Structures are given as C-alpha cells and as structure tokens.
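The next block holds one structure in the form of structure tokens; read it before the comments.
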Amino acid sequence: MNAAVVDWLVLVLRVAIGGIFVVAGASKVGNASLFAAQITGFRLLPEAVVGPLAVMLPYWEILLGGLLIVGLFTRVTAWVAVILLALFDIAIASAVVRGMTVSCGCFGPNDATVTTWAEVARDAVFVALALVVALRPPGALAVDRRIGNAS
C-alpha cells in the first residue's frame, strides 16, 4: 500500500480511537460513584482498587485519547490503548463467560450497553485498530512528525 495512503489511514484510526477514549472518559467524569458501582459489578477487582480507579480512569482515557488525536508519543500511546482495550475486552468476556449481564460502563452511567459477545467482538476490533496504529509510523498531521519523532 502507498505510504501516503497508510499515513492518512493511521490518522483516521488515531482520531477515531482517540475520540472514543475522549468521549468515554468525559462521560465518566463527575460520576465516580456510579462508575465505581459499574466496575464493582464485574467482580474482578478488590474494593480498595475500585474507588481510585473510578476517579482516575476517566482522566487517563481523556489524556490517552487527546495524545492519539494530536499524534504525540503516538506509538507508546497506541500501545497503552491496545493494552487498555484488551483489558476492557477481557473483563467483558469474563462477565459473559460467567453468565453475568452487567453494564459495561464504557460510556458512563447512562450507557445501557451490557456485557455480550457482541461487545467482546466490538472491543476486539478496537484492539486490532489500535494495534495497527501502534505498529505504524504516527501518520499524517501527527505532532510526532513535527518534532522529529516520526519513526
């Protein structure tokens, strides 16, 4: 595939994945107690971790999404996105396997999406798309290219 086409494809993927993280994070800000209840519903983490995670994760998602959108520290940021998305996918899959129907909490307390195999598949696609970004140069219009970090 032509290098220019790949650059623009990576840009589109960066902005799409980054946008998902920004929207997901922003939808949880200010709703830590509700988000903590959604995390608790998965029955995967100790109580001591749930509260701080519910407070911090939305801000991490916003930061991660913003870095992807502008293309700063693109490879590292994309690898972090791959890991986070894979962890989210594993959590959802574990709930499905255990026969649990819980709110995924992906887009805040008003998100009615529940754990299903369709959600597992959707998140697996997001993992694959983030992996494409992680394995390629930062793409068109990336700040990394402006500062000489385009490898």
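Structure notes:
- In segment 120-140, residue surrounded by the fewest Cβ atoms within 10 Å (Cβ to Cβ) [restricted to those that are among the small types (Gly, Ala, Ser) and in contact with a helix residue (DSSP H, G or I) (Cβ under 7 Å, 6 or more places away or on another chain)]: 124
- Unmet requirement for residue 143, which otherwise passes all of (1) loosely packed, with under 15 Cβ neighbours inside 10 Å; (2) at pLDDT below 95: (1)
- Note on segment 21-52: residues that are of a type outside the set (Phe, Trp, Tyr), touching a Gly at 6+ places or on another chain (Cβ under 7 Å) and within 21 Å of residue 125 (Cβ to Cβ) amount to 3.
- Looking only at residues of segment 43-61 that are surrounded by 15 or more Cβ atoms within 10 Å (Cβ to Cβ) and in contact with a Lys or Arg (Cβ under 9 Å, 6 or more places away or on another chain), we find that the one that is farthest from residue 16 (Cα to Cα) is 54.
- Here residue 111 passes the criteria (1) within 16 Å of the chain's Cα centre (by Cα); (2) at pLDDT 95 or above except the one numbered (2).
- Pairing residues of segment 41-65 that are in contact (Cβ under 8 Å) with a residue 40 or more places away in the chain with residues that are part of a loop (DSSP other than H, G, I, E, B), at Cβ distances under 6 Å and at least 6 apart in sequence or on separate chains, gives 41/102.
- Scan of segment 11-38 for residues that are of a type outside the set (Ser, Thr, Tyr), more than 16 Å from the chain's Cα centre (by Cα) and either in a helix (DSSP H, G or I) or crowded, with 16+ Cβ neighbours inside 10 Å (or both), ordered by number: 11, 31, 32, 34, 36, 37, 38
- Some residue of segment 83-102 being in contact with a strand residue (DSSP E or B) (Cβ under 6 Å, 6 or more places away or on another chain) and among the hydroxyl-bearing types (Ser, Thr, Tyr): yes
The values are calculated or read from the model by the stated rules, or taken from the named source; none is laboratory data. These numbers were taken from a predicted model, which means no experiment stands behind them. Please note: Cβ atoms are built from the backbone with ideal geometry, for glycine as well, and neighbour counts cover all protein chains shown.
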